[in-house]
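Read through the structure below, which is laid out as structure tokens, and then see the notes.
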Amino acid sequence: MEKVDICRERIREARRIVFFGGAGVSTASGIPDFRSATGLYNQQNDSGYSPEYMLSHDFLVDNPAGFSNYIRNNLIYPDAKPNACHRALVALEKRGQLSAIVTQNIDGLHQIAGNTCVLEIHGNLRDYYCTNCASQYSYDDFMKVNGEMHCKVCGGLVRPDVTLYGESLPQQTLYQAIEEIQKADVLIVGGTSLVVYPAAGLLQYYRGDTLILINREETPTDRRADFVFHGDLCEILPSLVD
Ligand code: CNA
């Protein structure tokens, strides 16, 4: 039997599939990833700062206006729509086979597509909060402001609910993700370079024999996977799931 047929059969018979994904899930929706040739890290930027620094806790503290504008101008894509990869995951959840999507993405497209079992281990760009009094704000509130946003209640700095470089992952979501990966019979990993830790380290909790890895480029985890596909997630995932 061919590799792709074995994968299809394992997916068809699976009862607890976990999908672990990254920015490559949303490139077909028009949101650039970080590390591809066309990704954010390889784009021209006049600030003189590295994108890692502009997405760090240090930059939020050192230059809140610059940080807030960087987020608005480079990470928010209000017109992005779910693509074939998101839809394949909705189909798996509807069939009752998908127990969790563990995503490093912050774009919310899995929920817009219709998935409910989404664990956002790097937070999201829907929710905003005051760093002083924890008052909550919406995406619309944040987008109305230019530069840094101040809390209406206490004047504190308002920030997006995303995990920045130099910050810890949301603990409860992380524990849920570990539990789901430990219980999974099939783990599908897609659209991630697997170089960002601690997120990439979550794969070590998988105990099954069907680790399927789909990515355009090689990753450091290719050798550990049971099945590796190099190519476009939007073609490969639907072909494995249907
Ligand atoms: P990354 O390091 O940029 O890696 C993305 C990987 O996806 C690369 O190896 C690409 O080759 C691959 N890829 C891109 N498009 C496709 C495709 N259509 N089919 C198959 N493979 C593809 O991004 P990671 O997710 O690994 O890094 C984690 C960071 C990226 C997280 O902190 C995210 O918050 C952050 N990020 C998120 C978004 C988003 O929410 N859409 C966008 C950009 C970055």
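Readers should treat all values here as calculations from the given coordinates under stated rules, not as data from a laboratory. Just so we're clear, the structure is a prediction, and the values are computed from it rather than from any experiment. Every residue, glycine among them, receives a Cβ derived from its backbone with ideal geometry; neighbour counts consider all protein chains shown.
Remarks
- Loop trypsin sites (Lys or Arg not before Pro), the range 148-242, which have at most 14 other Cβ atoms in a 10 Å radius of their Cβ (DSSP): K152, R207
- The convex hull built on the alpha-carbon positions of the range 121-206 has an orientation-averaged projected area of 7.0 nm².
- Estimated from helical segments only, the mean residue ellipticity of the chain at 222 nm is -8500 deg cm²/dmol, where each DSSP H run of four or more residues counts as -39500 (n - 2.57).
- Within a Gaussian network of the chain (alpha carbon springs, distance under 10 Å), most fluctuating of I17, I112, I178: I112
- Using alpha-carbon coordinates, inclination of helix 64-74 to the longest axis of the chain, degrees: 40
- Cα Rg, Dmax, the chain, angstrom units: 18.4, 64
- Residue among S29, V145, A100 farthest towards the positive dipole end of the chain, charges placed on Cβ: A100
- Estimated at 0.36 nm per residue, the fully extended path between I76 and K94 surpasses their Cα-Cα distance by 3.6 nm.
- For the range 137-184, Kirkwood radius (reciprocal of mean inverse C-alpha pair distance, Å): 13.4
- Computed over the range 1-62, the percent of Cα pairs more than 15 Å apart is 69.
- C-alpha long axis of helix 3-13 to longest principal axis of the chain, angle in °: 80
- R16-E218 FRET efficiency (beta carbon distance; Förster radius 30 Å; 0.05 resolution): 0.60
- Partners of K81 within straight-line reach, counting lysines whose Cα lies under 24 Å from its Cα and excluding those fewer than 8 residues away in the same chain: K94, K144.
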